[in-house]
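Below is one structure; the comments refer to it alone.
Coordinate-derived values only; no laboratory data. Everything quoted here is computed from the prediction, not taken from an experiment. We place every Cβ from the backbone using ideal geometry, glycine too, and count neighbours over all the protein chains shown.
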Amino acid sequence: MQTSTALPARSAFSEDLSTIRVLVKRDLVRFFREKSRVIGALVQPLIFWLMIGSGMASTFVLPGAQGLGYQQYFYPGVVVMVMLFTAIFATMSVIEDRHSGFLQAVMVAPGSRASLVIGKSLGATSVALTQSMLFVMLAPAAGFTLGEIDWPSLLAALVLGSFALCALGFAIAWWVDSSAGYHVIMSLLLLPMWILSGAMFPSPPSGVIAVLQRFNPVSYAVSAVRRALHGGIAPGGTDVAASTAFELGVLVVFCLVAVSAGLFACHRRR
Amino acid sequence: MTALLPIERSGRLERGESLLEVRGLSHRFGDRVVLGELSFNVAPGEVVGLLGPNGSGKSTTFRVLTGLLVPDAGEVFLRGQKVAPGGRTLRQQMGVVFQAPSLDARLTVRENLQMSAALYGLTGATAQKRIDEHLGLVGLSDRAGDRVLELSGGMKRRIELCRALLHEPALLVMDEPTTGLDETSFRQTWARIEELQKTRGLTVLLSSHRADEAERCHRVVVIDQGKTIAQGSPDELRKRVSGDVLSVTASDPEGLCADIERLFSQKARVIDGRVVLEHERGHELIPRLVEALPKGRIDALSMHRPTLADVFVKLTGRALGDVATRDR
């Protein structure tokens, strides 16, 4: 009789690791295969940045930051927008993929649900990171000098921010289990999170917006990216935290909460 | 010790004979009972078919076994050992073919198979060798570099089967494996299943709502409304229908059915708009029916040896093609 003895006995950990590796590889292969996606990833935020940036430039005055034009102010926000949009689109596919797609094969393989959540989030993160790094290469056009960027902090902010947003997107996609439902949450939660993150405008000194911004984890990603692009300082730009360390700390907590939400969703609705 | 044997046989020993045993699987969606104490077993090397109409609980059973759904109650035994339904131990031993496609259409055939193999720890040269071997067996070696979206439906199905077998599972589980396939692809799929069963002693559990598909299984578990209502070999099950089956088409099936029952003291039912009756010697009943009923009452009349579809009708009073009302 045929049995599975042909396969080497494996630990649960190595099965989970295989699952994670497969999911990351799949997202990267798919991303780089589609040239239009790579180009779109670069051109779409560029157009967005140029259009909104130049439209706002004449009216925008940032108190206490002489010489900082709106396009430069807005640029870190667009970097985070690239992350957010990639996270949204990479995880929205989960809805379809889970019922008639490759994820079915992943779910019935020996790997755990945790490895599915982490693998898919990491896969989407690797795409989001690639896209945002490609966009960061255009930073000189916004007045930043590549040599002066605090790269380790920038990378840390992008990795943590992407992972948290991808895990959150996964949790939402798994939970709502319908594209229409996902779109509703995208417009009611994810997009407002970006708009109220300090990406488009700085926080007012007080009021509802200021409070929302402080409790919005995306604010800390924008703030950390802004600080890193300015080489550690942030002229009039970061309203939510005093240091990169604090911002990255908040992002770590955001990652943990988002992954837990993904695990919870997966556990409740297998 | 020998005196204890009968008790043992009804308990653990019997379980040891099965590769897979499912006992009392129950599940509800809200108030709806989708599985009500479903039980069956699969012996090593056996091809077992779960036969039932759409919505009878077959897919739910698959979801439970493959870990996509946690049942409310029930036990699963693998080689006599109790395992969690859909748990890691069970998943390691199964190859699964889904009703819906599970290949990534944008990746190549080889990439799909490599990734699936990697999920089971098969990588590098070992994986390549298996992939080449399996693609060769299904005659698709030359399509390895093509993206899945370029393949025909039948080819995709063959690749799905390869994908499920790469890690050489002890049990191949297939949910409606031939749904949507044309006749040629249907026959190809079954030729492959039968070949694997014969050459490698593969154990297969599949679900179907097609009687002709269930006929090809060694053993059939008939499911209706989440319950096992009969199990046995196709021959054994067919014996539940005595003699021949007559099927009569008429413009007024209900009236005709009543007339036949009255005139011939013969049990008849209306199934799918036709009057269906069993008779030990069908060929003798036909002329009597035609003689006794006024001209025009019968539009068409046919007779056949019992099929599993007739068995299902006999057991439930409904046709296999009907959708069970209680399930989704």
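Can you give the convex hull volume of the alpha carbon atoms of chain A per residue, in Å³? All intermediate terms of the calculation are to be shown ahead of the outcome.
On the way: hull volume 39.4 nm³, N = 270.
Per residue, the Cα convex hull of chain A comes to 146 Å³.
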Placed amide H near B:Thr203: partners under 5 Å, 5+ positions off or other chain: B:Gly45, B:Leu172
Bins of 20 Å from zero: percent of alpha-carbon pairs in the protein assembly as shown: 18, 39, 27, 13, 3, 0
Residues A:Met186, A:Met133, sorted so that the one with the fewest Cβ neighbours within 10 Å comes first: A:Met133, A:Met186
Segment A:168-246 - Kirkwood radius from inverse mean 1/r over Cα pairs (Å): 13.6 Å
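I need the semi-axes of the equivalent ellipsoid of segment A:12-114: take the C-alpha gyration tensor, multiply each eigenvalue by 5, square-root it, list largest first in whole angstrom.
40, 15, 11
Determine the percent antiparallel among the DSSP beta bridges restricted to segment B:17-233, to the nearest 5.
Bridges in segment B:17-233 that DSSP calls antiparallel: roughly 55 percent.
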Whole-angstrom gap from segment B:243-269 to segment A:239-270, using each part's C-alpha centre: 69 Å
Contact order normalised by residue count of segment A:87-182, Cα under 8 Å, 6+ apart, percent: 49 percent
Using θ = phi - 60° and Karplus 6.51 cos²θ - 1.76 cosθ + 1.60, couplings along segment B:276-281 (whole Hz; Gly, Pro as x): 10, 9, 9, 8, 4, 10
Cut-off under 5 Å, modelled amide H: who pairs with B:Ala250 long-range: B:Val275, B:Asp299
Lys pairs under 28 Å by Cα in the protein assembly as shown, provided they are eight or more residues apart or on distinct chains: 26
Cα convex hull of segment A:114-270, projected area averaged across orientations, nm²: 9.5 nm²
Equivalent ellipsoid, chain B (semi-axes from 5 times Cα gyration tensor eigenvalues, Å): 41, 26, 18
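Take every DSSP beta bridge with both residues inside the protein assembly as shown and express the antiparallel ones as a percent of the total, to the nearest 5.
Around 65 percent of the beta bridges assigned by DSSP in the protein assembly as shown are antiparallel ones.
Are there trypsin sites (Lys or Arg not before Pro) in segment B:194-281 that DSSP puts in a loop and that have at most 14 other Cβ atoms within 10 Å, and which ones?
Values: sites: B:Lys198, B:Arg200, B:Arg210, B:Arg216, B:Arg219, B:Lys227, B:Arg238, B:Lys239, B:Arg240, B:Arg262, B:Lys267, B:Arg269, B:Arg274, B:Arg281; in loops: B:Arg210, B:Arg216, B:Lys239, B:Arg240, B:Lys267, B:Arg281.
The qualifying sites are B:Lys239, B:Lys267, B:Arg281.
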Under Karplus coefficients 6.51, -1.76 and 1.60, residue-wise ³J(HN,Hα) of segment B:96-101 in Hz, glycine/proline x: 10, 10, 8, 5, 8, x
Long-range amide H partners of B:Val34 with built H, under 5 Å: B:His27, B:Arg28, B:Phe29
Distance from segment B:90-115 to segment A:40-59 (C-alpha centre basis), Å: 42 Å
Segment B:242-305 - Rg (one decimal) and Dmax (whole number), Cα, Å: 10.3, 29
